Each structure stands twice: as C-alpha cells, then as structure tokens.
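Report on one structure; see the data block that follows.
The values are calculated or read from the model by the stated rules, or taken from the named source; none is laboratory data. Note that the coordinates shown come from a computational prediction; the quantities given were computed from them, not determined experimentally. All Cβ positions, even for glycine, are placed from backbone atoms using ideal geometry, and neighbour counts span all protein chains on display.
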Amino acid sequence: MPDAPAPLSSDPSSIPLSQLAVGAKATVREFPKLGTAFLRLREMGLLTGTPITLVRAAPLGDPLEIKIRGYHLTLRKSEADHILVSPAA
C-alpha cells in the first residue's frame, strides 16, 4: 500500500486555497517560489500574509475566482492546489 503524500506545510491550520469554501476569507501562508505562473501571481500581489476572499467557483469547480487587494483574480484549480491559506476565524 503506498504511503500518504506528505503535507504541504507543517502548519495544521493551513489548507489549499482550492479547499476554501465559497465566500470564506483567508490569509495566504505559503505558495511555490518557482514557475512562471507563480511568478505572475506574485507580480499581481499574491504574497504571503495577503488577505483573500474566495468569491466563486465555476460549476465544475475550475476555475476559482478570488478577491485580492481590491480586484478579482481567476485561478486554475491546479494552481490553487499549491497555494496554502489560513482560513479567517
């Protein structure tokens, strides 16, 4: 039987952005530092500590729309899987 995949972060309160409920607010905790897609996200203001809100998801769950720094940004679910957030209390 294969081993379970290792968690993305040691912080148990962090979850992938793709698992955040629609309408929920969270704070970005961690995301990949490599790759052109993630470089673009950083350039658009997606940085550690940034508050975000998951606005909506497409009917099949892909893409996701988030509100960040006063504007709306659409992400692929595969990208959101790699972005860890801490849900707001």
**Q.** strands (runs of 3 or more DSSP E) contained entirely in the range 18-89, each with at least 1 residues that are more than 11 Å from the chain's Cα centre (by Cα) and without any contact (Cβ under 8 Å) to a residue 12 or more places away in the chain
**A.** 71-75
Q: Working only within the range 27-47, note down all residues that are of a type in the set (S, T, Y) and within 16 Å of A80 (Cβ to Cβ).
A: T27
Q) Just wondering, is there one or more residues in the range 51-58 that are at pLDDT 90 or above, basic (K, R) and surrounded by fewer than 15 Cβ atoms within 10 Å (Cβ to Cβ)? A) yes
Q) Taking R69, is it of a type in the set (K, R), closer than 16 Å to Q19 by Cβ and exposed (fewer than 15 other Cβ atoms within 10 Å of the Cβ)? A) no
Q: From the list G35, G23, pick out the single residue that is under 18 Å from R76 (Cα atoms), modelled with pLDDT of 90 or more, loosely packed, with under 13 Cβ neighbours inside 10 Å and not aliphatic (A, V, I, L, M).
A: G23
